[in-house]
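Asker: Sending over a structure as structure tokens; questions will come in a sec.
Bear in mind these aren't lab numbers, they're just calculated from the coordinates by the rules spelled out. It should be emphasised that the depicted structure is a prediction, and the values quoted were computed from it without experimental measurement. Here Cβ is always computed from backbone atoms with ideal geometry, including for glycine, and neighbour counts include all displayed protein chains.
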Amino acid sequence: MSANHALATPMGCAGIVAVLLAASPASALQPLELFVASARDHNPDSLEARANLSQQSAQADAALGRALPGISARGTYGRNQYESRFTIALPGAPVQSSVITPLDQWNGSATLNVPLVDLASFRRIDAARSSASGAERQLAATRLQVEGQVVQEYYQLVANLALVAASQRALEVSREGLRLAEARFRAGVAPALDVDRARADVEQQVQQLASAQLQVALTARALTSSSGIAPDASVAVELADDLHTEPELSTFETGLPELPSVASAALGMRAAEQQADAQRFALLPSLSGSLTEYGTNTPGFGAHDGYFQAGLTLSWSLDLTSFANIRGQDAAAEAARARELRTRLIAGDAIHAQWNRVAAGIARSRSARAGREAAAHAAEMSRERYQAGTATQLDLLQAQRDAFAAEVARIQADADLVNARAQLRLSSGHSLLAANES
């Protein structure tokens, strides 16, 4: 099954999920829903996207914090080798002694800084919030991508399990053909060449079975890595699809602007534009206020242990770097617009491709099922005619191989179709877990 194949519609979530999971009996392979849900908590891509969201949210809070009032404090302590004093003796007044430098000296200050006017910082706050919202949408988009990967591997495993079962049946048919050829050889009605051909056909089916079992092992491991759950691959799963047609393509394309990947790209573009605005606002002066309270045990001649100081600060700077930064941010905004357009086109192309894959898959499955029935009937007729001596062994072997090839084609076509329906639904922004989350 191609990695680009896909499955289901955005209409009737609960019913669609039930159809998708109908191929999973409890005694065999676990339901698809179980793997999809587990992947959200174990898939590395999902974990990374979740961490990126936390990081962007923290950066948005940090940008806001830089524009809010802040408090800073500072304290110093010093031990002096000598204490310095001076004495004042005024006529008619008692003698006064003051310490200039004590043995133990401490000083402390606490400052409240209040940004008053800083348009560049305010715009950067908007950009940080847009980036955080974009990261949230990207997490949703990543989860849909992870679901698509899990669905792809799940139905490929289902197809490989069915291929193993078909290979085992073909091997039994080949062994029965070998026994029949040996019996006819012993009866003197068939040459030894028929026995050799039958034995070679058995060995070919043994190789086919080994190849199918290898694919099961590899696909099961890939599904385990993607979802964090080891699948039970001991029993084959019967695929079923009623070959119904999907709604019109426009039904899936209506929500294109709201797709998580498209919305994330749009928010990234907005954040880049806001950063460009902030760079222009940096050409304007900024105004801040401060209030500092001082305390000391060495007031000196001021005779005050504590006092405050308030002030306003107007800051402005201008150089060639400022204009270069503006051009750089404008270029970054243009690149973000291009990324948003590319993401929108890719999302639309994906919906278009998956919808057409479903349409083609329906035709393939219908034809493959008819071909399997015809090939199976031809194989049975060839076997009866060979037993009656009216057909050659080559006719029998060819009919059996055609029947096996038709069964393989039917298995792959049905798996591709079921997978295509799910991928169509995912590409249009509808999670397979939406029915349970609503």
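Asker: Run the simple label-point estimate for residue 251 and residue 308 please: 7 Å along Cα→C-beta, distance reported in nm.
Answerer: So the label points at residue 251 and residue 308 sit 6.9 nm apart.
Asker: Right, something else. Against the 2.2 N^0.38 Å scaling, with N counting residues, where does the stretch 263-352 land? I'd like the Cα-based Rg ratio to two decimal places.
Answerer: Scaled against compact globular proteins, the figure is 2.01.
Asker: Related question: Note down the nm distance, to one decimal, between modelled labels 7 Å out along Cα→Cβ at residue 217 and at residue 187.
Answerer: Each label point lies 7 Å from its Cα, and together they span 4.1 nm.
Asker: So if I restrict to the alpha-carbon atoms in the chain, what is the Rg, and what is Dmax, the biggest pairwise distance, in Å?
Answerer: 38.3, 152
Asker: What FRET efficiency would be calculated for the residue pair residue 370, residue 330, taking the C-beta separation as r and a Förster radius of 45 Å, to the nearest 0.05? Show your work: numbers first, answer last.
Answerer: Numbers: r = 61 Å, r/R0 = 1.35.
About 0.15, to the nearest 0.05.
Asker: Taking a quarter of the surface of the convex hull around the Cα atoms of the stretch 117-223, what do you get in nm²? Please list the in-between numbers first.
Answerer: Values: hull surface 36.0 nm².
Quarter of the Cα hull surface area: 9.0 nm².
Asker: With N residues in the stretch 305-368, what two-decimal value do you get for its Cα radius of gyration over 2.2 N^0.38 Å? Spell out each step's value before the answer.
Answerer: On the way: Rg = 28.8 Å, N = 64, 2.2 N^0.38 = 10.7 Å.
Normalised Rg, Cα atoms only: 2.70.
Asker: Whole-Hz ³J(HN,Hα) for each residue in the stretch 138-150, computed from phi via Karplus 6.51 cos²θ - 1.76 cosθ + 1.60 with θ = phi - 60°, x for glycine and proline: what do you get?
Answerer: 5, 4, 5, 5, 5, 4, 5, 5, 5, 4, x, 5, 5
Asker: Continuing with the same structure: If packing is taken as the mean number of other Cβ atoms within 10 Å per residue, what is the order of 415-427, 65-77, highest first?
Answerer: So the order, starting with the most tightly packed, is 415-427, 65-77.
Asker: Moving to a separate point now. Rounded to whole Hz and in sequence order, give me ³J(HN,Hα) for the stretch 307-324 from the Karplus expression 6.51 cos²θ - 1.76 cosθ + 1.60, θ = phi - 60°, writing x for Gly and Pro.
Answerer: These are the phi-based 3J(HN,Hα) values: 7, 10, 9, 10, x, 10, 10, 10, 10, 7, 9, 8, 7, 4, 4, 4, 5, 5 Hz.
Asker: A further question follows. Using each residue's phi in the stretch 397-403, evaluate 6.51 cos²θ - 1.76 cosθ + 1.60 at θ = phi - 60° and report the 3J(HN,Hα) Karplus result to the nearest Hz, with x for Gly and Pro.
Answerer: Once θ is set to phi - 60°, the couplings for the stretch 397-403 become 4, 5, 5, 5, 5, 5, 5 Hz.
Asker: Along the charge dipole of the chain, Cβ charges K/R +1 and D/E -1, which of 347, 101, 233 sits furthest on the positive end?
Answerer: With unit charges placed on the Cβ atoms, the residue in question is 101.
Asker: How would you order 101-110, 184-193 from highest to lowest mean count of nearby Cβ atoms within 10 Å?
Answerer: Put in order of decreasing packing, that is 101-110, 184-193.
Asker: What FRET efficiency comes out for the pair residue 207/residue 346, r = Cβ-Cβ distance, R0 = 45 Å, nearest 0.05? Could you put the intermediate results ahead of the total?
Answerer: On the way: r = 41 Å, r/R0 = 0.91.
E between residue 207 and residue 346, to the nearest 0.05, is 0.65.
Asker: Using the Cα centre of the chain as the reference point, and only Cβ charges (+1 on K/R, -1 on D/E), how large is the resulting charge dipole? Debye, rounded to the nearest 20.
Answerer: Working: 37 positive and 45 negative charges, 90 e Å.
Computed charge dipole of the chain: roughly 440 debye.
Asker: Continuing with the same structure: Computed FRET efficiency, Cβ-Cβ of residue 103 and residue 55, R0 60 Å: what is it to the nearest 0.05?
Answerer: Approximately 0.75, to the nearest 0.05.
Asker: If you don't mind, another one. In the stretch 285-438, how does Rg compare with the Kirkwood Rh, expressed as the Rg/Rh ratio over alpha carbon atoms?
Answerer: Using Cα coordinates only, the ratio equals 1.60.
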